[in-house]
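Report on the structure given below.
The values are calculated or read from the model by the stated rules, or taken from the named source; none is laboratory data. Source: prediction; values computed, not measured. Neighbour counts run over all protein chains shown; Cβ positions are idealised from the backbone, glycine included.
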Amino acid sequence: MNRLILIKYGELSTKKGNRNYFINTLYNNLKYKLSSYNVKIDKDRARMTIHFSDTDLDDIKEIVGNTFGIHSYHVAYVCSSSADDIKETLLNIVRSIDFDTFKIETKRSNKSFPIHSQDFNRVLGGLLLKNIDNIKVDVHNPNLWIKVEIRDKETYIYYDSFAGKGGYPIGTQAKGMLMLSGGIDSPVAGFLTMKRGVKFDAVYFEAIPHTSLDAREKVISLCRKLASYTDCINLHIVNFTPIQEEIYKYCRDEYVITIMRRMMYRIMDLLCKKYDGKIIINGESIGQVASQTLTSMSVINEVTCVPVIRPVACMDKLEIMKIARDIDTYETSILPYEDCCTVFVPKHPVINPKLSVAKVEEEKFDFESLIKEAVDNLNTIKIFENDSENYNDLL
């Protein structure tokens, strides 16, 4: 029997004048991600279908399931929109399924079909009761819920439903820049931002020899995980060592994290201008650490006019960890390789820093030339999901 994947849009259906833009973006994203498979993708304002080779079904389902902009999808059997063909196809389908209760739901977008939906439900239900032993109808909690969509040229019959990732197709919003550390929170923040249609470049602040090549490889691995939801991710690696060493040499111990974060935001501000990023994204969660109190965020944010998006700001750690496990970044994030934010954490970092004090501390060294040097000497690599290249010779 002929099958296809039937995609339902969900949130995209709420769009009005620009719905076609969202649907076309989803179509192009799927077309790119499925370019190595023998598929045919069709779309309209209500549905999208993928005709595929049976041997590729599992791979294609995984790709569809990891594509933003899809509410749900189904593996549907296809037949003509004649009553006899529908009945024959339905019988062939259910004979291979183990069930004892069932429900049938028919929808007719083809209003020329001669039997009304409710009447056809009874026709198909009677057909199953007559030909399959030991089954009965249960409209409230059936083992098998069969859906029949009668369209103009063909009919779709399906009983399995798979949840999509929802959200908007990546690329329907402007570009962002993600501050990606090796921790649990920032990959989750990146995932949640992609779900709203934002494509981003990732930025990793590296402080070799204080951080290791293993820490860099952990970030690259996290990028590969996130790349499974898009086409690829540009990872910009910033040599933060000279800046960090100057901070610890000249600044008050309790203010070093505040100053360090202000330097990072200055660099992010410049990278947004350089790469057309409209927002800065990070994994800050309110109150989780000293630099993430509201006072600290206010003082740190002062150095940039670019909007800062914090998708996990109001989540607790357990909620963030659950998403990390769901998107398969958690086990990588907990590998014991520290980033530059955690290597030199002072014993008593200031929780409620004063902006005036932070500015005085920054005047103790020439940070502007160091920031310019860091931005001018970026290492940028393009990360794909299945990329296995080793980048340890970058710096």
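Just checking, which of Asn301, Asn234 is under 30 Å from Lys61 (Cα atoms) and polar (S, T, N, Q)?
Details: Asn301 fails: under 30 Å from Lys61 (Cα atoms).
After ruling out the rest, the residue left standing is Asn234.
Tell me yes or no: at least one residue of the stretch 31-42 is surrounded by fewer than 19 Cβ atoms within 10 Å (Cβ to Cβ), in contact (Cβ under 8 Å) with a residue 60 or more places away in the chain, of a type outside the set (S, T, N, Q) and out of contact with any strand residue (DSSP E or B) (no Cβ under 7 Å at 6 or more places or on another chain).
Checked the stretch 31-42: at least one residue is surrounded by fewer than 19 Cβ atoms within 10 Å (Cβ to Cβ), in contact (Cβ under 8 Å) with a residue 60 or more places away in the chain, of a type outside the set (S, T, N, Q) and out of contact with any strand residue (DSSP E or B) (no Cβ under 7 Å at 6 or more places or on another chain).
Taking only the stretch 89-110 into account, find how many residues are part of a strand (DSSP E or B) and more than 15 Å from Asp138 (Cβ to Cβ). Lay out the reasoning, then the answer.
Taking the stretch 89-110 and keeping what is part of a strand (DSSP E or B), we get 101-108.
This time we only want the ones that are more than 15 Å from Asp138 (Cβ to Cβ), so: 106-108.
Residues that pass the stated criteria total 3.
Only one of Asp231, Asp160 is at pLDDT below 95 and either touching a strand residue (DSSP E or B) at 6+ places or on another chain (Cβ under 8 Å) or polar (S, T, N, Q) (or both). Can you tell me which? Reasoning before the result, please.
On the way: Asp231 fails: either touching a strand residue (DSSP E or B) at 6+ places or on another chain (Cβ under 8 Å) or polar (S, T, N, Q) (or both).
Exactly one residue qualifies, and that residue is Asp160.
Please go through (1) among the hydrophobic types (A, V, I, L, M, F, W, C); (2) under 28 Å from the mean Cα position of the chain (by Cα); (3) farther than 20 Å from Asp328 by Cα; (4) buried (at least 22 other Cβ atoms within 10 Å of the Cβ) for Ile233 and return the number of the only condition it doesn't satisfy.
Among (1) among the hydrophobic types (A, V, I, L, M, F, W, C); (2) under 28 Å from the mean Cα position of the chain (by Cα); (3) farther than 20 Å from Asp328 by Cα; (4) buried (at least 22 other Cβ atoms within 10 Å of the Cβ), the lone unmet condition for Ile233 is (3).
Within the stretch 8-26, count every residue that is over 22 Å from Ala76 (Cα atoms) and either not in a helix (DSSP H, G or I) or not polar (S, T, N, Q) (or both).
Final tally of qualifying residues: 7.
Within the stretch 43-62, count every residue that is in contact with a strand residue (DSSP E or B) (Cβ under 8 Å, 6 or more places away or on another chain) and either farther than 15 Å from Leu6 by Cα or among the acidic types (Asp, Glu) (or both).
1
Identify all residues within the stretch 64-74 that are surrounded by fewer than 19 Cβ atoms within 10 Å (Cβ to Cβ) and either hydrophobic (A, V, I, L, M, F, W, C) or in a helix (DSSP H, G or I) (or both); write none if there are none.
Result: Gly65, single match.
Considering each of Ile371, Ile300, Ile320 in turn, give the residue that is in contact with a Gly (Cβ under 9 Å, 6 or more places away or on another chain) and part of a helix (DSSP H, G or I).
Working: Ile371 fails: in contact with a Gly (Cβ under 9 Å, 6 or more places away or on another chain); Ile300 fails: in contact with a Gly (Cβ under 9 Å, 6 or more places away or on another chain).
Within the list Ile371, Ile300, Ile320, the selection yields Ile320.
Taking only pairs six or more apart or across chains, which ones have beta-carbon atoms under 8 Å, a first residue in the stretch 233-248 that is in the same structural domain as Ser221 (by TED's automatic domain parsing), and a second residue that is in a helix (DSSP H, G or I) and among the small types (Gly, Ala, Ser)?
Here the result reads Ile233/Ala227; Val238/Ala374; Asn239/Ala374; Phe240/Ala374; Pro242/Ala374; Ile243/Ala374, each pair linking the stretch 233-248 to a residue that is in a helix (DSSP H, G or I) and among the small types (Gly, Ala, Ser).
Please pick out the residue among Thr295, Thr258 that is more than 24 Å from Ser228 (Cβ to Cβ), in a helix (DSSP H, G or I) and touching a Pro at 6+ places or on another chain (Cβ under 6 Å). Quick ask: steps written out before the conclusion?
Working: Thr295 fails: touching a Pro at 6+ places or on another chain (Cβ under 6 Å).
Going through Thr295, Thr258 in turn, just one is more than 24 Å from Ser228 (Cβ to Cβ), in a helix (DSSP H, G or I) and touching a Pro at 6+ places or on another chain (Cβ under 6 Å): Thr258.
Condition test on Ile150, is it buried (at least 17 other Cβ atoms within 10 Å of the Cβ) and closer than 17 Å to Lys8 by Cβ?
Numbers: buried (at least 17 other Cβ atoms within 10 Å of the Cβ): yes; closer than 17 Å to Lys8 by Cβ: yes.
In short, yes.
Taking the stretch 336-359, which residues are at pLDDT 85 or above and surrounded by 13 or more Cβ atoms within 10 Å (Cβ to Cβ)?
Within the stretch 336-359, Pro349, Val350, Ile351, Pro353, Lys354, Leu355, Val357, Ala358, Lys359 qualify.
Based on this model, can you work out whether Ile280 counts as crowded, with 20+ Cβ neighbours inside 10 Å, in the same structural domain as Met260 (by TED's automatic domain parsing) and touching a Cys at 6+ places or on another chain (Cβ under 7 Å)? Please lay out each step first, then the result.
On the way: crowded, with 20+ Cβ neighbours inside 10 Å: yes; in the same structural domain as Met260 (by TED's automatic domain parsing): yes; touching a Cys at 6+ places or on another chain (Cβ under 7 Å): yes.
Here the answer is yes, as Ile280 does meet what is asked.
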